[in-house]
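None of the figures in this text is laboratory data; all of them are computed from the coordinates on show. The shown structure was predicted, so the numbers you read here are calculated from the model rather than taken from an experiment. FYI the Cβ positions are ideal-geometry reconstructions off the backbone, even for glycines, and counts take in every protein chain you see.
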Ligand SMILES: *Cc1c(COP(=O)(O)O)cnc(C)c1O
């Protein structure tokens, strides 16, 4: 009874309004009226990331598939790429590129830190032959709760006068954090439907710059399902080359209305305020965040480090079994050391206050000495003056 608290950083809770929008009979996706619907989605997707040039694409796929889609449509076989690795998702992005036959120069960073922009600049400046043709950057490292500075990485690429394309994984940032596709001169940005867009998993969303689109017409990398050429030709007529995920598209249409009605600036401000409350709670518990510095702490997910003699999995297990609260686990090298609180999508101060109450109860049950109510009180104090 009562509601389940899904506080993982994706999938995120699906608002009733979006569930209703998706609950529909199937229809002919080649009908005369379908293009009006498809265009309403494709024309509004760019507004979420402040994109005015280039195009946005939607595939029946998950977010990870868009790593592949972005690369195979813009890079020649065997191309050399540069990527900071600072958590499990940057690791998987690199792994995907390697599995596709690309070479990746990896800049290792401690998990909990953000990419070091000076190192990216130095690596590009040293590459005088311009052998590196792309920089892979995870905007929001969901594994650690660290946000990287895309504008600073763009400035570093410019200072090095390097022509590498800029790829940004925005799976846990787009539609939640401020994302400036044009201003940051991003070439490919990717996301999925189940995080900031508040939908079930199943859609991959890909934003491409004009430069990236032009490369898509010329690169010789083998590609089939993710080939943007038939996708572009069909989209231009308001159709898709294969059967679109209709239910999810109906959800996406409504999610775009919700997000754009709230306004992307307000969406980002809401996530900032909510995150500040969560961080105030973690501090009041006397625990630390996985993000090593306040300046890089994510506004969509917070990794909480448990004391060295405790296992974060116990907290997650107790929260789930006793209080119907799902928390994110520590991934790879963070397993057992960290639990994660997702605070993105369909959230407000009171839903998060309830979730923080559950975290306090699970922490206490797990024998981690915190003062019950301290975190919730600190979050309240913050939200009362900022909401
Ligand atoms: C969730 C996530 C992914 C993976 O997306 P899927 O939809 O699960 O394939 C990739 N990158 C980041 C940063 C994520 O948070």
Please count how many residues of the stretch 68-77 are within 23 Å of residue 151 (Cα to Cα) and away from the ligand (no atom under 16 Å from the Cβ).
2
Does residue 71 qualify as being more than 25 Å from residue 264 (Cβ to Cβ), in contact (Cβ under 8 Å) with a residue 12 or more places away in the chain, part of a strand (DSSP E or B) and touching a strand residue (DSSP E or B) at 6+ places or on another chain (Cβ under 8 Å)?
no
Filter the stretch 177-198 down to residues that are part of a loop (DSSP other than H, G, I, E, B) and either touching a strand residue (DSSP E or B) at 6+ places or on another chain (Cβ under 8 Å) or more than 11 Å from the ligand (Cβ to nearest atom) (or both), then give me how many there are.
14
Taking the condition free of Cβ contacts under 8 Å to residues at least 24 places away in the same chain, assigned to a helix (DSSP H, G or I), more than 30 Å from residue 41 (Cα to Cα) and out of contact with any strand residue (DSSP E or B) (no Cβ under 9 Å at 6 or more places or on another chain), does residue 261 pass?
no
Is there any pair with a first residue in the stretch 49-67 that is away from the ligand (no atom under 16 Å from the Cβ) and a second that is assigned to a strand (DSSP E or B) whose Cβ atoms are under 6 Å apart and which are 6 or more apart or on different chains, and what are they?
51/207; 54/208; 55/208; 56/207
Residue 345 passes all but one of (1) in contact with a strand residue (DSSP E or B) (Cβ under 9 Å, 6 or more places away or on another chain); (2) crowded, with 21+ Cβ neighbours inside 10 Å; which number fails?
(1)
